[in-house]
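Nothing in this text is a laboratory measurement; each read-out follows from the coordinates by a stated rule. Because the structure is predicted, anything quoted here is derived from the model rather than measured. Don't worry about glycine lacking a Cβ; one is built from the backbone with ideal geometry, like all the others, and counts go over all protein chains shown.
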Amino acid sequence: MRIIAGIFWLLCSMMVVAQPVLEPAGGAGVSFTHADEFAEADYAQMRLLLANNKLQLQKANLWNAPMPQATLFQWPTRLRSNILPNQNASYAGYYGISNYIDQNTGYPNLVQDYNCGNRSYDLSSGYNHRGTDIFSWPFPWHKMRYNEVEIIAGAAGTIIGKLDGNPDQNCAFCTSACDWNAVYVRHADGSVAWYGHLKSGSLTSKPIGATVTAGEYLGVMGSSGNSTGPHLHFEVWENESLTKLVDPWAGACNTLNGNTSWWSSQQPYRMTGINAIMTHGKAPVNTQCPSGEVVNEKKSFSGGDTVFLGSYYRDQLAGQTAAHEIYMPNNTRYLNWSQNLQSTFNASWWYYYFILPTNAAAGEWRYDITHNGVLYRTRFAVGQSMSYTFNGNGSFFDPAQWLGSRMPSIPVPDGVEVLIQTTGANVCTVDMPVIFLKGSKLTVGANSNIRFQQNLQWQ
Ligand SMILES: [Zn+2]
């Protein structure tokens, strides 16, 4: 018995030694209230706009009577098509939800969402939040700058309103009236969805009266109008008169349309996970509005360098743990520790750092985090560039054309070398713009072919 207890004690002590619990060097939970406000005057203006457009569309025979058919939404955002959640785990996820509809019509500070929680807000003006706010994360301003998060039609319909050309980098409520950039889509059942706060100039070129299919591009996530940061405000009404609100989320406290979900596949109330793990040359700087964050992403280091390790969560839940591990090129574990996530946040970010020994093994190291049963992995190079080799034939943006299906994130980060090594008549075709950030490198091998249908940009 004593021996078993002794072994048990030894195992426990080994576990403690092997996996210390470390506090992050920096980071924070981010509340992301992402407030927006629509005064009654704004609604009156929108009703007028939609009523005028309706008249025009009726004259042009483009306004159909509502059909008795349910509207079911697909998710209304996506990553730009040339960003792939690749093995760098910089884009394992890209969004979170900051606010649902406030189902409690009282105010102020009387808030209830469809799930009987309080992820919403109201204002002393009497405004109760009437949409779903979907924010990009991490580095929302960076994502906006590079058009990384697109807004797409949740359901097929007709564009019955468009507003564009309004400032899109607002960080607070406007002090005087300010319009947003938005697309309004009317579905076959007559219901109307708003897609608001879009980036100026990014809206679909389709005119009012044109039809869009489910999943069709509408614009880029921005922060126009009354907005405290880049997010999509997605609001649904039973028809263009904007008198009966729809809450697409089925749940016990949805008093608007009960337990009928308007999603083709409704997401859980919390979608816990890691949106990104990254390595940085300096601590990342977050939440600067509107100048943007300083990402400081870096993929290659030398012995003696300090490596910053960033992790960016969506729906971090109190009581969770994250297991961090760093492996050397020979697959030997170099460091590992555990992190206790103590609070629940819509979004959070944490970073650690360590100093590479001066004789650190050259090659590709990796940084793994296991959270909620999911392994997230990123790699960084020591003593060499982080290389990605295109050795296939076809689009630069097709992971299958890259050695090991590993392609760099775009914009190409500091410390990354992109090698183009095609054989024979094979060609690497740059069919969408590629941004190379300072410290990155492009090398085209001898007898290799690269064709530019779009520009390379150096920043
Ligand atoms: Zn909103």
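Taking loop as defined by DSSP and a crowding limit of 16 other beta carbons within 10 Å, which trypsin sites (Lys or Arg not before Pro) in segment 235-324 fit? List each step's numbers first, then the result.
Numbers: sites: Lys244, Arg270, Lys282, Lys298, Lys299, Arg314; in loops: Lys244, Arg270, Lys282, Lys299.
Here the sparse-neighbourhood loop sites are Lys244, Lys282.
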Label-reachable residues, segment 197-225, where backbone N falls under 18 Å from a point 7 Å from Ser176's Cα toward its Cβ: 225
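Would you mind ranking Ile355, Ile435, Ile369 by Cβ crowding within 10 Å, fewest neighbours first? Mind dumping the intermediate values first?
Working: Ile355 11, Ile435 15, Ile369 20.
Fewest to most other Cβ atoms nearby, the residues stand as Ile355, Ile435, Ile369.
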Do me a favour and compute the ellipsoid semi-axes for the chain from its Cα gyration tensor, root of five times each eigenvalue, largest one first, whole Å. 43, 30, 19
Simple Cβ-charge dipole of segment 335-434, Lys/Arg +1 and Asp/Glu -1, about Cα centre, in debye nearest 20: 220 debye
For the chain: relative contact order, % (alpha-carbon pairs under 8 angstrom, 6 or more apart): 15 percent
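Please compute the Kirkwood hydrodynamic radius over segment 136-210, one decimal place, Å, based on all pairs of different Cα atoms. Show your work: numbers first, answer last.
Values: mean 1/r = 0.0738 Å⁻¹.
About 13.6 Å, per the Kirkwood formula over Cα pairs.
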Listed by chain and number, the residues whose amide H is under 5 Å from that of Asn99, excluding neighbours fewer than 5 places away on the same chain and using placed H, are Asp133
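Treating only the Cβ atoms of Lys and Arg (+1) and Asp and Glu (-1) as charged, compute the dipole magnitude of segment 30-246 about its Cα centre; round to the nearest 20 debye. Display every interim value, and only then the final one.
Working: 14 positive and 18 negative charges, 108 e Å.
Approximately 520 debye in magnitude.
Within a Cβ distance under 11 Å of Cys428, other residues only, what is the Lys/Arg minus Asp/Glu net charge? Kindly include the intermediate steps, with their values, before the conclusion.
Details: positive: Arg451; negative: Asp398, Asp431.
Net of charged neighbours comes to -1.
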Tilt of helix 2-18 relative to the longest C-alpha principal axis of the chain, in degrees (0 to 90, nearest 10)? 70 degrees
Let me confirm the definition first: pairs of Lys residues in the chain, 8 or more apart or on different chains, C-alpha distance under 19 Å. How many are there? 18
Taking the 0 to 90 degree range and rounding to the nearest ten, how far is the long axis of helix 40-59 tilted relative to the main principal axis of the chain, both from C-alpha atoms? 70 degrees
Please go through segment 399-450 and write out the trypsin sites (Lys or Arg not before Pro) that DSSP classes as loop and that have at most 13 other C-beta atoms within 10 Å. Lys438
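Order of Asp36, Asp133, Asp414, Asp42 from fewest to most other C-beta atoms within 10 Å?
Numbers: Asp36 26, Asp133 30, Asp414 20, Asp42 17.
Lowest to highest Cβ neighbour count: Asp42, Asp414, Asp36, Asp133.
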About its Cα centre, how strong a charge dipole does the chain have in debye, to the nearest 20, once Lys and Arg get +1 and Asp and Glu get -1 at the Cβ? 940 debye
In the chain, taking the dipole from +1 charges on Lys and Arg beta carbons and -1 charges on Asp and Glu beta carbons about the Cα centre, the listed residue (Pro411, Gln56, Ala446) farthest towards the positive end is Ala446
